[in-house]
Amino acid sequence: MTPLNEKLLIKEANINKYKFDKEWFFHLKDMAYFLKEDLSEVEYVYLPMIIDGEEEFVKCATFEDIIRGRKEL
């Protein structure tokens, strides 16, 4: 598994993210692609994000939720 660093993920341009109430939420599809891992066990919420100029409701999770839900290969 790839070790994760929240500060580096926040700076990563290829991952859509949203800051809500002092906490970062990461787009799960982007995270799965970035990590090349199955994140289907991660708890998530739907949040509105503007992606390619259009607002979409997408599955998002906090850094802690992603760490907790990652599957061992």
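Label positions at residue 54 and residue 8, each projected 7 Å from the Cα along the C-beta direction, are separated by 3.3 nm. Have a look at 44, 33, 18 and tell me which one the Gaussian network model of the chain (Cα, springs below 10 Å) gives the largest fluctuation. Largest GNM mean-square fluctuation: 33. The fraction of accessible area contributed by carbon and sulfur in the chain is 51 percent, rounded to a whole number (1.4 Å probe; ligands and nucleic acids excluded). Build a GNM of the chain with springs between Cα atoms under 10 Å apart, and of 63, 20, 34 the one that fluctuates most is 20. Averaging the sequence gap over all C-alpha pairs within less than 8 Å and six or more residues apart, then dividing by the number of residues, gives segment 10-65 a relative contact order of 34 percent.
The values are calculated or read from the model by the stated rules, or taken from the named source; none is laboratory data. Only a predicted model underlies this, so the values are computations on that prediction, with no experimental measurement involved. We place every Cβ from the backbone using ideal geometry, glycine too, and count neighbours over all the protein chains shown. In case anyone asks, the SASA skips ligands and DNA or RNA and just uses the protein heavy atoms, side chains included. Shrake-Rupley method; radii C 1.70, N 1.55, O 1.52, S 1.80 Å.
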